[in-house]
């Protein structure tokens, strides 16, 4: 293992993350500013940020707190939103499993969408394990720092934003923009429409249960539709058969 | 919810999130088949969750007399959808939607 190669891979990771900061910054600002608008103390918002380290789950929790959702519904929502980390965890398992337990456990905390995206680039796959871990550390530490700073900035700015600006509306808009980027084929579009319509009609249910139910309806639609039309799930999703 | 409740809530959410992140890294190789079987669900979850999260608060606002359909917010959502198609960064759809909403409220009230 060559220390210099590892160091250069670390800084390569930091550099590769920089363009993604333009996506992280507005998100962090929205989280910080909305926390202040919800009357949360700066300590509480930063505590939440360090405990979650997951922007979309944080925004969702804030939206549900605003809607007076039940405690259990908020925890459940966070889990469902963060289930995607299980896929990333499986992807990085061969790389991190040989490490000492305490390193493995800290690597897991900083796992993120951005690191997953950057580290699964074909160029990275060809490098040695030590270089890949260094690159991973570069991306995640740069992301962690920029995320925490963006939320702090949001907290600082949040107090001076007048209520007429309807800052709270930035949360659903951010989710809508993310939704658009996840719809890559017709089946996923149908899933989104089914879930969205169900959420509208079930809005009146107590404890925000309509939200959880709408997700179930959306996923069921996506699982059942390929069977009804007689096509395999993998071919619709454009994935090779296993 | 008071501050103590929120701290407990965030601690539980953070713990759950961490355990999901750690899951396969810790159980290396032991749960491959489980992941393969649940993969369709994991692929379908993001659009289902995001739609259920964003559609109702765009369509309705909560007023004292109940839910009210908000035309300005629905149109702002449409602006954001169009912008999201052309720009990769989340900044432009969010900013565009907000500017539309402010403009609409300023013109029509």
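The values are calculated or read from the model by the stated rules, or taken from the named source; none is laboratory data. No experiment lies behind these values; they were computed from the predicted model shown. No Cβ is skipped: glycine too gets one built from the backbone with ideal geometry, and neighbour counts run over all protein chains shown.
Among the residues here, residue A:200 qualifies as without any contact (Cβ under 8 Å) to a residue 24 or more places away in the chain, at the interface with chain B (Cβ under 7 Å from one of its Cβ atoms) and either in a helix (DSSP H, G or I) or crowded, with 23+ Cβ neighbours inside 10 Å (or both).
Listed conditions (1) free of Cβ contacts under 8 Å to residues at least 60 places away in the same chain; (2) in contact with a helix residue (DSSP H, G or I) (Cβ under 7 Å, 6 or more places away or on another chain) are all met by residue A:80, apart from (1). Criterion applied to A:88, A:97, A:103 was being closer than 23 Å to residue B:25 by Cβ, crowded, with 21+ Cβ neighbours inside 10 Å and free of Cβ contacts under 8 Å to residues at least 40 places away in the same chain, and the one residue passing it is A:88.
Once the stretch B:22-38 is narrowed to residues that are facing chain A (nearest Cβ under 8 Å) and assigned to a helix (DSSP H, G or I), the residue that is modelled with the highest pLDDT is B:22. Per the listing A:205, A:153, the residue uniquely surrounded by fewer than 18 Cβ atoms within 10 Å (Cβ to Cβ), within 25 Å of residue A:52 (Cβ to Cβ) and either touching a helix residue (DSSP H, G or I) at 6+ places or on another chain (Cβ under 9 Å) or more than 8 Å from every other protein chain (Cβ to nearest Cβ) (or both) is A:153.
Exactly one residue among A:33, A:57 is under 21 Å from residue A:143 (Cβ atoms), in a helix (DSSP H, G or I) and at the interface with chain B (Cβ under 7 Å from one of its Cβ atoms), and that residue is A:57. It is to be established whether one or more residues within the stretch B:60-67 are out of contact with any strand residue (DSSP E or B) (no Cβ under 7 Å at 6 or more places or on another chain), at negative phi and within 10 Å of chain A (Cβ to nearest Cβ). Yes, the conditions are met somewhere in the stretch B:60-67.
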